[in-house]
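Following: one structure in structure tokens, then a few remarks.
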């Protein structure tokens, strides 16, 4: 169901619908059913249907798709048996082991995913459409907070402003950052553009709070600026900055229970893959442990989410073949399928790809191809990167996190050792990968799948091989580490991974516990 079909369906019933609501419906895995549900349940007093009128949680509860606490607990991992045979066999269920959720349905709804929706071929107008979609969606968020005018009007009006402004000379614009530079006096000059033109704004070094805020700007980010024009009307002196940032409100979530395990960057096939800790992890999922605390957690697990780099891949970087224990990528996935077949069937598994996986390198990435999916058991759902899934009322955005490389290079204070700082910047930008043309190759789709329109309950990333957990404005940010020891490349660039550590999230409270399987 495409955008025109959605528009037509609502127009025929006498309703108008916002572009954001159309995007939300089109990105859903069941758009026709969602349209019917919205039309059936919409309040008759509503004239224009917007995102807020689309109750995905209630809709998800009717459908089933098969496809601030940060606790490091040594107690939970003490006493783990470290003696394993090299040829690992799935443990039999311990006598008396019974999951609390073996007989409870664990529904999964895919709310956003590029899979089967990619249309780009790299033509010029596709790039134009891609950036216009980004600008429109992010500027609409900012426009709800400030009264902005088109850049084109600045050159015509020379400082005139909307009626009702407290300061007749104060104006606001919203633009995408196209260039940043410093003056000889240390001030920042930022070039921004909207669909009508471009303009320069100046942030003075003396305005310390604004200057610090601007030091975190990156190219292609959408920002609102409020200030005064210089006498010649060619420059704005900024007095206020407005980001699309998350709203400071408590999200409404459906009451649910159980736990979700978040992991990523397993790198099966690498000679630095930590096989024994991974096997201890599989034992834990099967309830095969003498540790009472671990056994209690294991019984409550309903979901396992993998945010990319399931295998190490082949030909990802020069000389990789010398660091592989499994040389064929299909054999790597076969081994992965064997491992995931050992996980209890009541645990629903969601796997999205990363830059080491066998899909296109350009993001957004579709799910793994059918020839690979066939290696895995029926309790595995494959999604693209990025994607949004609904776990029985808890919305999780999965993104492998390759843009963290760009943010580490561009934003002061962001580092691989503390990956959630980069994820906070994503939340402020309301965009997972704002910088175009740097380390991340981005495909110019009609819709920018990296825009964070609907705020998730959890953002789950990987890629950087370090564990991090942080809350930001009621969103739980988790980077789930790795199952790979330090590689030669990481040694050269001084990246120290934190492997075999697994965040486990209580779906009712979002309280997070880190389990360690490498000790």
Nearest 5 percent is fine: what portion of the DSSP beta bridges confined to the stretch 219-347 is antiparallel? 55 percent
Could you give the nm distance between label points at residue 361 and residue 123, where each point is 7 Å from its Cα heading toward the beta carbon? 2.6 nm
Calculate the spin-label point distance for residue 292 paired with residue 471, positioning each point 7 Å from the Cα along the beta-carbon direction, and give it in nanometres. 2.9 nm
Helix-derived [θ] at 222 nm for the chain: sum -39500 (n - 2.57) over DSSP H runs of at least 4, divide by residue count, nearest 500? -7500 deg cm²/dmol
Ratio of the Cα radius of gyration of the stretch 188-331 to 2.2 N^0.38 Å, where N counts its residues: 1.78
Expressed in Å to one decimal, the Kirkwood Rh of the stretch 145-242 from all distinct alpha-carbon pairs is 13.4 Å
Of all DSSP beta bridges in the chain, antiparallel share, percent nearest 5: 65 percent
Can you compute the label reach from residue 370? Point 7 Å from Cα along the Cβ direction, backbone N cut-off under 17 Å, restricted to the stretch 101-118. 115-118
Share of alpha-carbon pairs per 5 Å distance bin for the stretch 3-54, given as whole %: 4, 22, 40, 27, 6, 1
Rg (Å, one decimal) plus Dmax (Å, integer) for the alpha carbons of the chain? 24.3, 82
For the stretch 145-242, calculate the relative contact order in percent as a whole number, restricting contacts to Cα pairs under 8 Å that are 6 or more residues apart. 29 percent
What nm distance separates the two modelled labels at residue 271 and residue 248, each placed 7 Å from Cα along Cα→Cβ? 5.4 nm
Taking the alpha-carbon centre of each part, the distance from the stretch 280-344 to the stretch 179-246 in Å is 46 Å
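Read-outs: derived from the displayed coordinates by stated rules, not from any lab. Every value quoted in this text rests on a predicted model; they were computed, and no experiment measured them. Glycine also receives a Cβ, built like all others from the backbone with ideal geometry; neighbour counts cover every protein chain displayed.
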